[in-house]
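Working notes, structure below.
The values are calculated or read from the model by the stated rules, or taken from the named source; none is laboratory data. No experiment lies behind these values; they were computed from the predicted model shown. Reconstructed Cβ throughout: ideal geometry from the backbone, glycine too, with neighbour counts over all protein chains shown. To get the accessible areas, we keep the full protein, side chains included, count just its heavy atoms, and leave off ligands, DNA and RNA. Shrake-Rupley method; radii C 1.70, N 1.55, O 1.52, S 1.80 Å.
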Amino acid sequence: QASPKGKVENVVGFKLGGYIPQSSDLENFGIGGHGEVSVERNLSQYFGIGAAIGLFQTNNTTNVLVSQGGTLTSVSTDQTVRSTYLILNATLMIPAGAFVPYVEGGGGYYFTHIKESSSASNSKDDTSFGYHAGAGLNWFFTKDYYIGLGGRYIWTKTNDLNIRLDGVLADVNLGIRF
């Protein structure tokens, strides 16, 4: 049976999953995608600190009435919100044999690109600082490799556009420690 090591170690992790917008600013946007790569330094078998870079995206299609030559015409508009982030994270772990439940929290910068496409395209970039909290469960199927499930709630609002990107990042993760 695999069990977490008691010494200081490094961890590299990969996450893939979904972004579920929770903000009223993104009310009609659907579930989008999410991916992340992280590095962590476990200072003990119970506590780690790390950094991650990731991306989440969501889309919406809406119909907008546009006046063309005095006639109102319905035009389909595709909206995309894509945010790339760089975060710092602290993780508390409770090893239980091969299973390691964890809670995490931290903050970082979000670089957001918003695009609207119809007969004409419009896009804007914005940045923000945000916070997050999450939890999950990893299963070490060998001494150093794990697979797990996790979830994280993010709170952030773009600086200039004032759009709340709050939502849930739910994912499957895979990692290696060395």
(message) Could you go through the stretch 83-102 and let me know if any residue there is open to solvent by 60 Å² or more (accessible area, probe 1.4 Å), of a type in the set (Phe, Trp, Tyr) and in a strand (DSSP E or B).
(response) yes
(message) Looking at the stretch 121-143, can you tell me whether even one residue there is in contact with a Phe, Trp or Tyr (Cβ under 8 Å, 6 or more places away or on another chain), farther than 23 Å from Asn59 by Cβ, at pLDDT below 95 and charged (D, E, K, R)?
(response) no
(request) Determine which member of the set Ile49, Ile20 is open to solvent by 70 Å² or more (accessible area, probe 1.4 Å), part of a strand (DSSP E or B) and either under 24 Å from Asp171 (Cα atoms) or in contact with a Pro (Cβ under 8 Å, 6 or more places away or on another chain) (or both). (result) Ile49
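Residues are listed down the side, and each one gets a yes or a no for (1) touching a residue at least 40 places away in the same chain (Cβ under 8 Å); (2) assigned to a strand (DSSP E or B); (3) open to solvent by less than 80 Å² (accessible area, probe 1.4 Å):
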position: Lys115; (1), (2), (3): no, yes, no
position: Ser128; (1), (2), (3): no, yes, yes
position: His132; (1), (2), (3): yes, yes, yes
position: Gly136; (1), (2), (3): no, yes, yes
position: Trp139; (1), (2), (3): yes, yes, no
position: Thr142; (1), (2), (3): yes, no, yes
position: Gly151; (1), (2), (3): no, yes, yes
position: Trp155; (1), (2), (3): no, yes, no
position: Leu169; (1), (2), (3): yes, yes, yes
(request) Just need a number here: residues in the stretch 26-42 that are more than 15 Å from the chain's Cα centre (by Cα) and crowded, with 16+ Cβ neighbours inside 10 Å. (result) 4
